[in-house]
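*Asks:* Structure provided below as structure tokens; questions to follow.
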Amino acid sequence: MSRLSYLGCAALIAGLALTTSLSAQGRRGGGFGMGGQTSPLFLVASEAVQKEIGITDDQKAKLTALREEFLAEMGKVRTDAGITGRDLTDEQRTKLQEGMKRLTETFNPKLKEALKPEQLERVQQIAYQAAGPNAFTSAEVVKALDITKEQQEKIATINKDYQEKMAALRQNAGGGGGGFEAITKLRDEQSADVAKVLTKEQSDKWATLKGKAFDIRTVFPGGRGGKKKVD
């Protein structure tokens with residue numbers, strides 16, 4: 001297994017687990033990474049992902065226990081950060097990220113021990129697909145694709161713009177699932193705009209990094225609404 005794949009799981013568990021903590025509570029349609037990114041620990045709890053990577057019964061038991069332990073520790077991190085709802089202040093978000101970074105140091109080695117190298121690498125690829133255009137905020141992806149500072153700034157502007165649009169859609173939907181298709185459409189548009197920032201070489205590297213398309217909507221209940229693979 002490549003060093004890139006191992007470090008990628010660490011990055012996704014640490015700095016990018018905000019959406020997973022929210023989706024674990026609400027299980028809403030955007031839980032698989034719309035506007036955020038999904039931890040591999042949550043992905044491996046999915047039967048679809050388990051089937052994809054071919055885990056054994058023994059591995060399943062270990063992963064279930066590991067996920068429950070992770071959830072308990074994540075709850076403590078959220079409590080320590082003073083988080084009680086979905087809307088976070090900058091201070092709360094910073095505390096959450098710091099807490100998740102600490103959890104990474106504990107749980108990433110455990111996840112590595114529970115999975116075979118090729119299984120972990122595939123989960124990494126699926127996590128990137130679930131993240132969508134927000135994956136480009138990952139320091140590892142930036143390094144792997146050699147994304148320039150100028151490109152990072154353009155991507156950040158695009159992501160901020162679409163995050164605001166998505167937040168408005170969710171608010172107008174009143175917390176229900178009625179805005180799911182509209183949010184999916186916005187996410188596709190966001191991906192297309194971010195793709196325009198990348199060079200052909202970077203796009204080719206990204207295609208390799210995220211691997212073959214996986215049906216993300218099989219992962220989270222409430223997010224199906226039809227089969228769709230992330231290209």
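The values are calculated or read from the model by the stated rules, or taken from the named source; none is laboratory data. Fair warning: this is a prediction, and the values are worked out from it, not measured in the lab. Here the Cβ positions follow ideal geometry from the backbone for every residue, glycine too, while neighbour counts run over all protein chains shown.
*Asks:* If you go through region 64-99 one residue at a time, how many are in contact with a Leu (Cβ under 8 Å, 6 or more places away or on another chain), of a type in the set (A, V, I, L, M, F, W, C) and under 20 Å from SER46 (Cβ atoms)? Walk me through it before giving the result.
*Replies:* Taking region 64-99 first, the residues in contact with a Leu (Cβ under 8 Å, 6 or more places away or on another chain) are 66-67, 70, 73-74, 77-78, 81, 83, 86, 88, 93, 96-97.
Within this subset, residues satisfying the condition of being of a type in the set (A, V, I, L, M, F, W, C) are 66, 70, 74, 77, 81, 83, 88, 96.
From what is left, the residues that are under 20 Å from SER46 (Cβ atoms) are 66, 70, 74.
Total meeting the criteria: 3.
*Asks:* State whether the residues of region 100-118 include one that is within 19 Å of the chain's Cα centre (by Cα), of a type in the set (Val, Ile, Thr) and over 23 Å from LYS62 (Cβ atoms).
*Replies:* Among the residues of region 100-118, not one is within 19 Å of the chain's Cα centre (by Cα), of a type in the set (Val, Ile, Thr) and over 23 Å from LYS62 (Cβ atoms), which makes the answer no.
*Asks:* Within region 89-116, work out how many residues are farther than 24 Å from GLU68 by Cβ and either among the hydroxyl-bearing types (Ser, Thr, Tyr) or touching a residue at least 60 places away in the same chain (Cβ under 8 Å) (or both).
*Replies:* The number of residues fulfilling the criteria is 3.
*Asks:* Next up: Look at LYS185 and say whether it is modelled with pLDDT under 90 and basic (Lys, Arg). Step through it out loud before you land on a result.
*Replies:* Working: modelled with pLDDT under 90: yes; basic (Lys, Arg): yes.
Yes.
*Asks:* Sticking with this one: Name the single residue that is farthest from THR64 (Cα to Cα) among those in region 126-137 being crowded, with 20+ Cβ neighbours inside 10 Å and touching a Leu at 6+ places or on another chain (Cβ under 9 Å).
*Replies:* Out of the qualifying residues, it is PHE136.
*Asks:* Do any residues in region 52-78 that are surrounded by 14 or more Cβ atoms within 10 Å (Cβ to Cβ) have Cβ atoms under 7 Å from those of residues that are of a type in the set (D, E, K, R) and assigned to a helix (DSSP H, G or I), where the two are at least six apart or on different chains, and which pairs are they?
*Replies:* Qualifying pairs under 7 Å: GLU52/ARG122; ILE53/ARG122; LEU66/LYS110.
*Asks:* Of GLN97, GLN50, GLN125, GLN129, which residue is under 19 Å from the mean Cα position of the chain (by Cα), more than 30 Å from ILE147 (Cβ to Cβ) and among the polar types (S, T, N, Q)? It would help to see each step written out before you state the result.
*Replies:* Numbers: GLN97 fails: more than 30 Å from ILE147 (Cβ to Cβ); GLN125 fails: more than 30 Å from ILE147 (Cβ to Cβ); GLN129 fails: more than 30 Å from ILE147 (Cβ to Cβ).
Exactly one residue qualifies, and that residue is GLN50.
*Asks:* What are the residues in region 149-170 that are more than 19 Å from THR199 (Cβ to Cβ) and not small (Gly, Ala, Ser), if any?
*Replies:* Once the filter is applied, which keeps residues that are more than 19 Å from THR199 (Cβ to Cβ) and not small (Gly, Ala, Ser), region 149-170 yields LYS160, ASP161, TYR162, GLN163, GLU164, LYS165, MET166, LEU169, ARG170.
*Asks:* Further, regarding this structure: Under the condition of being exposed (fewer than 12 other Cβ atoms within 10 Å of the Cβ) and charged (D, E, K, R), which residue from region 186-211 is farthest from LYS165 (Cα to Cα)?
*Replies:* Checked region 186-211; the qualifying residue farthest from LYS165 (Cα to Cα) is GLU201.
*Asks:* Would you please name the residue that is nearest to THR137 (Cα to Cα), looking only at residues in region 153-182 that are acidic (Asp, Glu) and either surrounded by 12 or more Cβ atoms within 10 Å (Cβ to Cβ) or at pLDDT 90 or above (or both)? Lay out the reasoning, then the answer.
*Replies:* Filtering region 153-182 down to residues acidic (Asp, Glu) leaves 153, 161, 164, 181.
Next, from what is left, pick out any that are either surrounded by 12 or more Cβ atoms within 10 Å (Cβ to Cβ) or at pLDDT 90 or above (or both): 153, 161, 181.
Values: GLU153: 10, ASP161: 14, GLU181: 24 Å.
Going through the qualifying residues, I end up with GLU153.
*Asks:* Is there a residue in region 18-40 that is modelled with pLDDT of 75 or more and assigned to a helix (DSSP H, G or I)?
*Replies:* Yes: one or more hits.
*Asks:* Quick one: in region 136-174, of everything that is in contact (Cβ under 8 Å) with a residue 40 or more places away in the chain and among the charged types (D, E, K, R), which residue is farthest from ASP204 (Cα to Cα)?
*Replies:* Only one residue fits best here, namely ARG170.
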